[in-house]
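The values are calculated or read from the model by the stated rules, or taken from the named source; none is laboratory data. Being a predicted model, the structure only gives us computed values, none of them experimental. All Cβ positions, glycine included, derive from the backbone under ideal geometry; neighbour counts span all protein chains shown. Please note that ligands, DNA and RNA were not included when accessible areas were found on the heavy atoms of the full protein model with its side chains. Shrake-Rupley method; radii C 1.70, N 1.55, O 1.52, S 1.80 Å.
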Amino acid sequence: MKDYNYTVTERFMRYVQIDTQSDPESNTHPTTEKQKNLSSLLAEELQQIGLSDAHTDEYGYVYATIPSNTNKKIPVVCFCSHVDTAPDCSGLNVKPILHKNYNGDDIELPDDTTQIISVKDYAYLKKHIGNDIITASGLTLLGADDKSGVAIIMDFANYLVTHSEIKHGEIKILFTPDEEVGKGTAQVNRQKLNADYAYTLDGGEAGTLEDETFSADGVRITIHGVIAHPGYAKNKLVNAIKIAGEIVAALPTKEWSPETTNKRKGFVHPVAINGIAEKASIDFIVRDFETANLSKHEERLQTIAEKVLHNHPKATMEFKITEQYRNMKEVLEYHPQVVDFAREAYKRAKLKVVNEPIRGGTDGSRLSFMGLPCPNLFTGMQAIHSKHEWIGVKDMQKAVEVLVNLVQVWEKKS
Ligand SMILES: [Zn+2]
């Protein structure tokens, strides 16, 4: 299985040069029209590979089918990754650099030499000594998140189509826009996709297999003050901005926040304050691996806020909870074969399986709750959403090998 080793890199280098940054402020689907530039190219290339139903839709999704080549009845498995890059860092004019035969030194990026990818910060570099790695040039992110996933799936599709001796069931390919702004599945056509199970390719180090995400809610606290002309406001005016400030100041500082927790601990995190003296709001995100804990966090937050309000009897408060996404494990538990087969595919690729919960969400969390159980597989991406972003070519090649193994495991064990 050597003949795909070159092409995944070649694809990746091409895809990252197409600017596909999504926009959290936009209300359109896709949030940025330019994401379609990559989507259209992918649909075209899938057509060229021979997948005759490959197409992109008005929202920038790409759908394609690799027909089954076995007589066995096997569940339809989908592979999914996202075409957009994060709004956190520029994705315009990405210049990917292929560092052949990496020697283990720190890497100074040529277009901004203050940007140094150091072995001290990224110990995983050491695992790539003697192999090729890819970085950006110092002014932009690289876009390995998630164009590595895209390149891996494209290369995998090409491999299957050109190797009919590999037996597999029907396979669906899905590329989504807007994952980075939380809308990756907003317009996905579940009926058209018509798959039973899915895997996202959106993970880090080789061997990582993620079947657990946070459960997530949003909370908005709205404070209504009392407005008066500031010149004649004595004993009348109640300033909502100041009350919002008091609530934030009343939050614990040594625990219960992203900056003080890791591993399996949840948190509450203020992400925005907006307002005027009359009315102010604070937006929070609430995260925990146990969905039941979300309401405990929310009650605690509400108690803190109410205590503050107690000192301002003329002010009122609204406390609104919005469900965001849920831990995929709650779904995957009922379909253990999805993760077990992936584990087997990793082992066949001689990878040590590292099973870690994601302190965040993926498209897979939402897909899982849309009835498509969907763990997350590695691509190798590192230092994502930053100018230091990099990826080892070997990891992308391994991921292609894993997918080729995985469809065979499904064929054999279903
Ligand atoms: Zn991603």
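Taking 2.2 N^0.38 Å as the expected size of a compact globular protein, what ratio does the Cα radius of gyration of the stretch 7-89 give against it, to two decimals?
My calculation over the Cα atoms of the stretch 7-89 gives 1.26.
Can you give me the % of accessible surface on the chain that is carbon or sulfur? Probe 1.4 Å, all protein chains present, nothing else counted.
The C+S portion of the solvent-accessible surface of the chain is 50 percent.
Between the stretch 353-414 and the stretch 141-202, what's the alpha-carbon centroid distance in Å?
Taking the Cα centre of each part, the stretch 353-414 and the stretch 141-202 sit 10 Å apart.
Leaving ligands, DNA and RNA out of it, work out the accessible area of residue 370 with a 1.4 Å probe and give it in Å² to the nearest 10.
70
For residue 322 and residue 413, what does the FRET efficiency come to when R0 = 30 Å and r is the distance between their Cβ atoms, rounded to the nearest 0.05?
Calculated value: 0.15.
Restrict the search to the stretch 242-274; then list the GluC sites (Glu not before Pro) that DSSP places in a loop and that have at most 12 other Cβ atoms within 10 Å of their Cβ.
Answer in residue order: 255.
Could you tell me how far the Cα centroid of the stretch 286-327 sits from the Cα centroid of the stretch 38-92, in Å?
When both Cα centres are located, 40 Å separates them.
Return the calculated 222 nm mean residue ellipticity for the chain, to the nearest 500 deg cm²/dmol, obtained by summing -39500 (n - 2.57) across DSSP H runs with n ≥ 4 and dividing by the residue count.
-9000 deg cm²/dmol
What's the whole-number percent of alpha carbon pairs in the chain lying beyond 42 angstrom?
20
Extension gain residue 194-residue 227, at 0.36 nm per residue separation less the Cα-Cα distance, in nm?
Taking 0.36 nm per residue and subtracting the Cα distance, the gain is 6.4 nm.
I'd like the accessible area for residue 105, computed on protein heavy atoms only with a 1.4 Å probe and all protein chains in place. Round to 10 Å², please.
Taking all protein chains as shown, residue 105 has close to 90 Å².
With a 1.4 Å probe and all protein chains left in place, how much accessible area per residue does the chain have, in Å²?
44
Could you tell me which trypsin sites (Lys or Arg not before Pro) in the stretch 203-249 are loop residues by DSSP with no more than 16 other beta carbons within 10 angstrom of their beta carbon?
The qualifying sites are 234, 236.
Could you tell me which of rounded, prolate or oblate describes the stretch 202-322, using a ≥ b ≥ c as the square roots of the eigenvalues of the alpha-carbon gyration tensor, with rounded for a/c under 1.5 and, failing that, prolate when a/b is larger than b/c and oblate otherwise?
prolate
Please identify which residues in the stretch 146-178 have an amide N closer than 12 Å to a label point set 7 Å out from the Cα of residue 37, following the Cα→Cβ vector.
none
Compute the Cα gyration tensor for the stretch 66-224, then decide on rounded, prolate or oblate, letting a ≥ b ≥ c be the square roots of its eigenvalues: rounded whenever a/c is under 1.5, prolate when a/b is larger than b/c in the other cases, and oblate in all that remain.
Judged from the Cα gyration tensor, the stretch 66-224 comes out oblate (a/c at least 1.5, b/c at or above a/b).
Within 10 Å of each candidate Cβ there may be at most 12 other Cβ atoms; applying that plus a DSSP loop requirement, which trypsin sites (Lys or Arg not before Pro) in the stretch 288-343 survive?
Listed in order of number, the matching sites are 314.
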